[in-house]
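To start, the structure under review is shown below, and the notes come after it.
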């Protein structure tokens, strides 16, 4: 099962930090691609690609102006859409159904205001709590539950750097010369 994340309505000046965190969370928690819609932000995309180059993995980021078209094409190709929202089915009820399907997933996280059409197109509208909070935290909780914690064991190959976990201090090794 392939998991992609669609970030709706990105605004360069206002959302650069949060959208970057959505992309980094998607990568670290096992998604294979982030799709940006809204304003094109080449600098943000370059920054995410730089993280992938330095830290490894095969994560991709692309821009697609028309989110509606992208979602419809995703479904036509056999994938399903999971929209993370405060207003959906509680994640603890929705997750068994979502995990039972081995179809590729497009996880949609909102921007400034999510159009009603997103709720209608999505196969699943899922709430990670029914309280206001960040799309970053929703995405992390959703992916953690989807992968049952196995994403915490991912090994990101071909990076220039790698952290060696330690109880105290920081240990980062350079893998530039090891390749």
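You will find that of 122, 94, the residue that is touching a helix residue (DSSP H, G or I) at 6+ places or on another chain (Cβ under 9 Å) and either within 22 Å of residue 2 (Cα to Cα) or touching a residue at least 60 places away in the same chain (Cβ under 8 Å) (or both) is 122 and no other. Screening 33, 43, 58 for residues that are within 30 Å of residue 173 (Cα to Cα) and in contact with a strand residue (DSSP E or B) (Cβ under 6 Å, 6 or more places away or on another chain) leaves exactly one candidate, 33.
Screening residue 105 against (1) in contact (Cβ under 8 Å) with a residue 24 or more places away in the chain; (2) farther than 22 Å from residue 36 by Cβ leaves a single unmet condition, (2).
Among residues that are touching a helix residue (DSSP H, G or I) at 6+ places or on another chain (Cβ under 6 Å) and surrounded by 13 or more Cβ atoms within 10 Å (Cβ to Cβ), residue 109 is included. Counting only strands (runs of 3 or more DSSP E) that sit wholly inside the range 119-179, those with at least 1 residues that are at pLDDT below 95 are 161-163, 172-174.
The values are calculated or read from the model by the stated rules, or taken from the named source; none is laboratory data. Fair warning: this is a prediction, and the values are worked out from it, not measured in the lab. We place every Cβ from the backbone using ideal geometry, glycine too, and count neighbours over all the protein chains shown.
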